[in-house]
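S.K.: Below is the structure I would like to discuss, written out as structure tokens.
Derivation of every value follows stated rules applied to the coordinates shown; laboratory data play no part. Keep in mind it's a predicted model, so treat the numbers as computed, not measured. Please note: Cβ atoms are built from the backbone with ideal geometry, for glycine as well, and neighbour counts cover all protein chains shown.
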Amino acid sequence: MFDEGSEIALKKQNEALLREQENNLVEDPPTFSETDLNSAKEIALKQGIQEGKAEIMAGIEREISTTLDTIALKIDILINGHKKWSDSINQETIKFAHAIMKKLAPQLAQGSELSEIENAIKNALSFLNKQPKVTVQISNKFIEPIQEKILLMSSRAGFDGELILIADPDMATGDCKLNWDSGEMEKSISNTWKQIDSIIERVIINTETPVPDKSLLELEEKPS
């Protein structure tokens, strides 16, 4: 009994001594030399500079990307605006040329109306030579000169039927009209111009685009 109690007391004494040593044990604070501090500062400074450079470069790249996207968008807008403007100019050019042609055509045709009527009659009689009767209508102005040549024209075309020449006071100077049993043929300046007008109108409609608006014109003037 005594030995067991002594052993327990000794164990408790050792434990108490160990706890006392642990409580009295105080860790020494870490110490750094001036060289260590300067080295740490230099490393931190370099790291901060590198991080700052990386952030600045990332910001610059973002700005460049945004600027390029904006430029590309504006270029597309300008190209579309220029195309619309060019199409509009082309339409106006077509209209202007058409108006000039229509204005000058009567003057340019002066002096050639009689020969054109003669050619029209000759061409018609060449494929109407089997018809029994053909009526030719022309303006009053050319009734006499055509009447003098009509027999010669019909014989050269091989036409043996009846050929009737009629003066039409309402017919334009350069027009003529031929009628036969199964049809008719007309040389009409007004009809020709109607066909030309129709063609011009179709061309303009096919190329018609709105004139570029003011915002597009301003975009060309303002830098991005």
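S.K.: With the cut-off at 28 Å, tell me which of the pairs Lys83/Lys194; Lys130/Lys177; Lys149/Lys187; Lys74/Lys95; Lys122/Lys194 have Cα atoms farther apart than that.
M.R.: With Cα atoms farther than 28 Å apart: Lys83/Lys194; Lys74/Lys95.
S.K.: Also, I was wondering about something else. In nm, what is the difference between 0.36 nm times the number of residues separating Ser190 and Lys12 and their Cα-Cα distance?
M.R.: 50.6 nm
S.K.: Follow-up question, since we're still on this one. Of the listed peptides 58-70, 129-141, 178-190, what is their order by residue-averaged count of other C-beta atoms within 10 Å, with the highest listed first?
M.R.: So the order, starting with the most tightly packed, is 129-141, 178-190, 58-70.
S.K.: To the nearest 20 debye, what is the magnitude of the charge dipole of region 112-206 about its Cα centre, counting +1 on the Cβ of each Lys and Arg and -1 on the Cβ of each Asp and Glu?
M.R.: Rounded to the nearest 20 debye, it is 260 debye.
S.K.: What full-extension length gain, to one decimal in nm, is calculated for Arg19 and Glu201 as 0.36 nm per residue of separation minus the Cα-Cα distance?
M.R.: 54.4 nm
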